[in-house]
1. Just the number, please: carbon plus sulfur as a percent of the accessible area of the range 47-112, 1.4 Å probe, no ligands or DNA/RNA counted.
2. Return the whole-Å distance between the Cα centroid of the range 76-111 and the Cα centroid of the range 32-67.
3. Leu38: accessible area at probe 1.4 Å, nearest 10 Å²?
4. Residue by residue through the range 89-97, what is 3J(HN,Hα) from phi via Karplus (6.51 cos²θ - 1.76 cosθ + 1.60, θ = phi - 60°)? Round to whole Hz and write x for glycine and proline.
Amino acid sequence: MGQKKGNAGGRQQKRKHSSIFRQHKRSVVVICTVLGLLAAALAVNSVSLYGRNQVYKQQEAELRAQIEEQNARAEEVKEYAEYVKSEDYIKDMAQEKLGLVDPNEILFQPEE
């Protein structure tokens with residue numbers, strides 16, 4: 001008789017354990033599905049972010065090139081500003097715009 005009670009109690013525990021396992025099995029499947037969907041969404045987003053990153057790197061390179069060009073242009077403007085302040089500029093403009101010559105220069109003009 002002791003054996004029957006032990007078997008009957010064991011069967012109830014197995015049934016109880018079996019039903020709990022089934023409930024947990026459903027939860028595990030749901031959780032795994034949700035995690036899989038999240039992983040897929042993350043993968044898709046990482047691909048699009050990688051593409052954006054490449055575009056941004058290209059834009060960055062273009063902007064750096066523009067910065068270098070503008071720095072070179074700023075240097076040219078600075079040099080020109082120094083030239084405008086010099087006597088050579090004044091002399092060149094006087095000769096070009098006003099037709100002035102130095103006292104010891106001879107000016108040859110074509111006949112009209």
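The values are calculated or read from the model by the stated rules, or taken from the named source; none is laboratory data. As the structure is a prediction and not an experimental result, all values here were calculated from the model. For accessibility, only protein heavy atoms count, side chains too; no ligands or nucleic acids. Shrake-Rupley method; radii C 1.70, N 1.55, O 1.52, S 1.80 Å.
1. Details: 3520 of 6570 Å².
So the carbon and sulfur contribution to the accessible surface is 54 percent.
2. Their Cα centres are 59 Å away from one another.
3. Near enough 100 Å² of accessible area.
4. Calculated HN-Hα couplings, in order: 5, 4, 5, 4, 5, 5, 5, 6, 7 Hz.
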